[in-house]
Amino acid sequence: MFPIAFSELIQIFRNRLVLVTSFIIPVVVSAYFVRQHETFAALGSLGYIAAIVLFTVAAFGLYATTVTTLASRRQNLFLKRLRSTAIGDAGIIAGLLLPATVVAVVQVAAILTALAMVAGGPANIPLLVVAIVATVAMLLGLGLATAGLTNSPEHAQVTTLPVTLGVIGVASWVGISGTEDLALLKRLLPGGSATEMVMNAWNGGVAVTDSLLLLAPTLGWVVIAVVAATRLFKWEPRR
C-alpha cells in the first residue's frame, strides 16, 4: 500500500490539473474567507467560515482528486497492472487515495489553525475533529461512487461538478440561514448535518450529545456512497 501511496504522491505534484484543484483553488478560496473573517462572521458565524473552509478543501481537493486519480489510473491500465499483483483491492484503493487524503487533512488543519489565531479558536476541538473525519469519509465515498461514472480525467471535470457545487452550496445555506427552518431537509442533504456539527463545535452553546446525533445523516451518506461505489466502479479482472 505505501509504495503505491508514495508513487501517487509524486504523481500529484507532477499533474498540473490535480495540483491546481488540490492546492491552489482550495487554499486561495480558504485564505480569502480567513482574511475576510469579520465580514463572513457577520453574515453567518465563525463556525460558518470553518465549515466553508472544510468543504472547499474536501470538495475541490479530496473529492475531485479522488475521482480524477481513479479515472486516470483505470484509463492508463495502472489498476489492471496493480490487480495482477498480490495486493488486495482495499490496499490498492487505500494506496491511491492516502496521499490526497493526508494533503486535504493537513490543509484543513493549517487553515483552521490560521482562522483560530486571527479570530479565536473552536469551543470543542474533539467534536470538530469528529466532524472533519466524518466529512472526509463522506467525500471519499462520494468520490469512489463518482469514479464509477467517470471515463477519463477530462470527464472528471464534468462528473465532479454537481457534488462539488452541491455540498458547498448546502454548507453555505445551512451556515447562513441555520436550521431553525427546514431543519430535516437541511440535515439530510449531503453536507448539511456536517456543517451544523462544525458550527456547533466552533461556536459552542449546543450540547455535545445533540451534536453527535448529527453524525447519523453524514454516516448514512457514507454508506450510500460506498454501496454505490461497489456497484458502479468496474475493476479490471484479476489475472
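The values are calculated or read from the model by the stated rules, or taken from the named source; none is laboratory data. The model shown is predicted, which means the values in this text are computed figures rather than measured ones. Neighbour counts run over all protein chains shown; Cβ positions are idealised from the backbone, glycine included. Note: areas computed on protein heavy atoms with side chains; ligands, DNA, RNA excluded. Shrake-Rupley method; radii C 1.70, N 1.55, O 1.52, S 1.80 Å.
Helices in the chain that qualify as membrane-span-like (whole DSSP H runs, Cα extent of at least 20 Å along the helix axis, mean Kyte-Doolittle hydropathy of 0.5 or higher) are 89-119, 125-147, 161-177, 215-232. Leu215 contributes an accessible area of around 40 Å² to the protein surface, as traced by a 1.4 Å probe with all chains present. For region 1-122, rounded, prolate or oblate, judged on the Cα gyration tensor with a ≥ b ≥ c (square roots of eigenvalues), a/c < 1.5 rounded, else prolate if a/b > b/c? Prolate shape, in that a/c is at least 1.5 and a/b is the bigger ratio.
Taken per residue, the accessible surface of the chain reaches 47 Å², heavy atoms only and a 1.4 Å probe. Accessible surface comparison of Leu46, Leu79, probe 1.4 Å, protein chains only, largest first: the order is Leu46, Leu79. In the chain the Cα-Cα distances spread across 10 Å bins starting at 0 as 8, 33, 34, 18, 6, 1 percent of all pairs. In the chain, the portion of solvent-accessible area held by carbon and sulfur atoms comes to 70 percent [1.4 Å probe, whole percent, DNA, RNA and ligands not counted].
Between Val226 and Ala31, the simple label model (points 7 Å from Cα in the Cβ direction) yields a spacing of 3.7 nm. Taking 7 Å steps out from each Cα toward its Cβ at Val106 and Asn151 produces label points 3.6 nm apart. Note on Ile176/Ala123: beta-carbon distance plugged into 1/(1 + (r/R0)^6) with R0 of 22 Å gives a FRET efficiency of 0.65.
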